[in-house]
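Data first, discussion second: the structure below is written as structure tokens.
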Amino acid sequence: MDGSNATSVDPRDADVSGDLVTVELARSDQSALNGAIAPSRLRLSEVIRVGLGSLAARKLRSVLSALGIAIGIASLVSVLGLSDSSKSALLDQIGALGTNLLTVEAGSGFGAGDAALPGTAVATVGRVATVEATAAVYSVGVGVYRNDLVPEDRTGGISVFATDPGLMGALNGSIAHGAFLSEATRAHPVAVVGAVAAERLGIRNLDTPVELYLGGRWVEVLGVLEPFALAADLDRAVLIGDHAAETYYDVELAPTVVYVRVDEDHIDATRDVLAGTIDPENPEEVEISRPSDLLEARSAAESSFTGLFLGLGAVALLVGGIGVANVMVIGVIERRGEIGLRRAIGATRAHIRRQFLTEALTLASLGGTVGVLMGVSVTYVYATTQGWRVIIPTVALVGGLTASVVIGAIAGLYPAIRAARVSPTEALRSD
Amino acid sequence: MNPAAPAIELRDVSKRYAGSPPVIALDRVTVQICQGEMVAVVGQSGSGKSTMLHVMGTLDQPTSGSVLIEGIDTSALPDDRLAAIRGRRVGFVFQRFFLLPGIPTIDNVANGLLYTGTSRSERRTAAEAVLDRVGLGDRMWHRPNELSGGETQRVAVARALVHRPAFILADEPTGNLDSASSASIMDLFHSLHSEGRTIVIVTHNESIAAALPRRLHILDGRLERDVRGSSGC
């Protein structure tokens, strides 16, 4: 090659005939092109690999942003898990105590002067076919004191009731120390002390004999009771035998409260007839309640707290989602070069969009999975320490994972669209 | 594809960027790059060299005029078709390398085939062969931060070669390299050219440009001079 071959050509002087040939060829080739150059294609496995690779390259940031989601999901799962576990514990308790206990009292309504039921109440109730057991307590109307030096008005809020040995059976009560009244002791000057009353009277155990000054007479403490779940009034009472009450305190035995165990299948029907059976003339003066309703109300009250905590969990999740969106938006700005390069090696806008969406979804579902595991662990540990059965509702597991995926999709959508719009020429410019 | 057509042809191509005043990056440029040619695009910073290279590689679309790749008019093609042309027929090399951090050399090279739907093992096999070709057979499992500047650019060249493109477009490939590495990269390009590859190199380095058989001088978006050792395709 010698120097004369080097020529300077004005581009507008291009070989016209050569151009025309090229145009012809180009046209005839246009259809061949669409077949010849296969479209860009990214396998699904590669979409995931690319997404994971990008996250792995920014481990700390990925972990921190996933942590936001994890905390949100963990709080949702643990709130649902703990609420269900505690509710089930409460329902177990209710189930063990029985929901078939009815409490009959004299009404406090109009004309109900003396709060006592007719003396025949226990007997008549016992004749109702669906009634399984009855027990009654009778107000004795005296005070009980640790000793005879305590002023009379310092009763400590402790009532004295007379009762029969059947009370423990009817109420599913249990004894903490000593024994309950029996057929033998119901006529003796002995007392059984409720859980709260024992505390107020300073009775810790019965290792040494304890005596109380009850209605001007010393009585020996026979036993101390565990708290009654369905009859809290009796926790603040000292109980003596009904025969002893008649003998020593000259009490006329008109029941203050009658406890009635009813056939499980006929609770409402029985409840409807009890008032009329006890006092046919003034059934409206008989008040019947079902103590287990109270526990159920407590359970409902706890549920309303659950709602509050769920709301807080949702806020945590939202903040986590915003964290992911934030990290993704920053990523789009920082990774303009990478986006430009990917476009240069054949990525379509859709590929870029898919990659960023995949990253957001991966972050969020990673956070979601960790969150579910955290939530389950918290529930397990707390429920176990409380002695509850561990219950993780399916809705918490499925809902937690679904929520994280949805949050990821929403958080990733805008950054993904922005990434796809990045101009590759701007991103790749050398100067 | 038409084997007889020029590798790249710009016909009266203009590129304007909106703004006040609007920037004319390319002004009615008509040029053909033939199969097997090695061409330098020379000009000052901001003269429109990079825009021309991006337009040649379908990364950017002209405001008017048409770009033909191997005889195929790209002006009316949608995004996915253009992406396919880039992914299969064009090999880009950039001043800033753009290797993905944290992944080994072999996968950075294999990424050149990522959007072609080739399986991972096939991509790695192809990457191995190309890395051997550019003399980095012993650097396959190194990460980008374990490579020298010259090696990094070699990896980027290998990535641009791995899908057997019709031509290579290099935008200031020696801009971030010391003189020894620059010389070694230019040797690589010359040796690829001697194997029959079509290569377009944007540079503002006169001595690099002077060593190339053909030089397109760009000034203010216009093709000022087309200097070459032989005429036509």
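Each reported figure results from applying straightforward, stated rules to the coordinates on display, with no laboratory input. Note that the structure is a prediction, hence the values are computed from the model and not measured. Ideal geometry is used to build each Cβ from the backbone, glycine not excepted, and the neighbour counts take in all protein chains shown.
On a 0 to 90° scale, report how tilted helix A:16-36 is relative to the longest principal axis of chain A, with both axes built from alpha carbons and the result rounded to the nearest 10.
Around 30 degrees separate the two axes.
With both bridge residues required to lie in segment A:121-280, what share of the DSSP beta bridges run antiparallel, to the nearest 5%?
So the antiparallel bridges amount to about 70 percent of the total.
Quick one: angle between helix A:267-278 and the longest Cα principal axis of chain A, in degrees between 0 and 90, rounded to 10, please.
Helix A:267-278 sits roughly 20 degrees off the main axis of chain A.
Of the options B:118, B:227, B:30, report the single residue whose Cα projects farthest towards the positive end of the charge dipole of chain B (beta-carbon charges: Lys, Arg +1; Asp, Glu -1).
B:118
So who's got an amide H within less than 5 Å of the one on residue B:60, skipping anything under 5 residues away but keeping other chains? H placed 1.01 Å off N, in plane.
B:55
I need the phi-derived Karplus couplings for segment A:42-52: 6.51 cos²θ - 1.76 cosθ + 1.60, θ = phi - 60°, integer Hz, Gly and Pro marked x.
Along segment A:42-52, the couplings run 10, 4, 4, 4, 6, 4, 5, 4, 4, x, 5 Hz.
Rg and Dmax in Å for segment A:100-290, alpha carbons only: what are they?
16.6, 52
Could you give the dipole magnitude of the protein assembly as shown about its Cα centre, charging the beta-carbon of Lys and Arg +1 and that of Asp and Glu -1, in debye to the nearest 20?
Value, rounded to 20: 4760 debye.
On a straight-distance basis, which lysines could pair with residue B:49 in a cross-link, Cα separation under 27 angstrom, same-chain partners fewer than 8 positions away excluded?
Residue B:49 reaches B:15.
Would you mind ranking A:418, A:204 so that the residue whose beta carbon has the fewest other beta carbons within 10 Å leads the list?
By the 10 Å Cβ count, ascending: A:204, A:418.
Report the charge-dipole magnitude of segment A:100-290 in Debye, nearest 20, computed about the Cα centre from +1 at each Lys and Arg Cβ and -1 at each Asp and Glu Cβ.
580 debye
Of the options A:291, A:238, A:322, report the single residue whose Cα projects farthest towards the positive end of the charge dipole of segment A:235-337 (beta-carbon charges: Lys, Arg +1; Asp, Glu -1).
Projecting each Cα onto the dipole axis, the largest value belongs to A:322.
With 10 angstrom as the radius, rank A:317, A:52, A:60 by how many other C-beta atoms surround their C-beta, starting from the fewest.
In order of increasing Cβ crowding within 10 Å: A:60, A:52, A:317.
Taking amide H positions as placed in the peptide plane 1.01 Å from N, state which residues far from residue A:136 in sequence (5 or more) or on other chains have amide H under 5 Å from it.
A:164, A:259
Between B:117, B:149, B:65, find the one with the highest GNM mean-square fluctuation for chain B; connect C-alpha pairs within less than 10 Å.
Ranking B:117, B:149, B:65 by mean-square fluctuation puts B:117 first.
Please report, to one decimal in angstroms, the Kirkwood hydrodynamic radius of the protein assembly as shown built from all distinct Cα-Cα pairs.
After inverting the mean inverse Cα-Cα distance, the result is 32.5 Å.
Quick check on the exposure proxy: order A:101, B:100, B:131 from fewest to most C-beta atoms within 10 angstrom.
Ascending number of Cβ neighbours within 10 Å: B:100, A:101, B:131.
Averaged across the residues of B:106-118, what count of C-beta atoms belonging to other chains lies within 10 Å of each residue's C-beta?
That average works out to 4.
Charges only on Cβ, +1 for Lys and Arg, -1 for Asp and Glu: so what's the dipole of chain B about the Cα centre, in debye to the nearest 20?
260 debye
Go through segment B:121-203 and name the chymotrypsin sites (Phe, Trp or Tyr not before Pro) that are in a DSSP coil and have 12 or fewer other Cβ atoms within 10 Å of their Cβ.
Of the chymotrypsin sites (Phe, Trp or Tyr not before Pro), the ones in loops of segment B:121-203 whose Cβ has at most 12 other Cβ atoms within 10 Å are B:141.
Antiparallel as a % of all DSSP beta bridges within the protein assembly as shown, to the nearest 5?
The answer is about 65 percent antiparallel.
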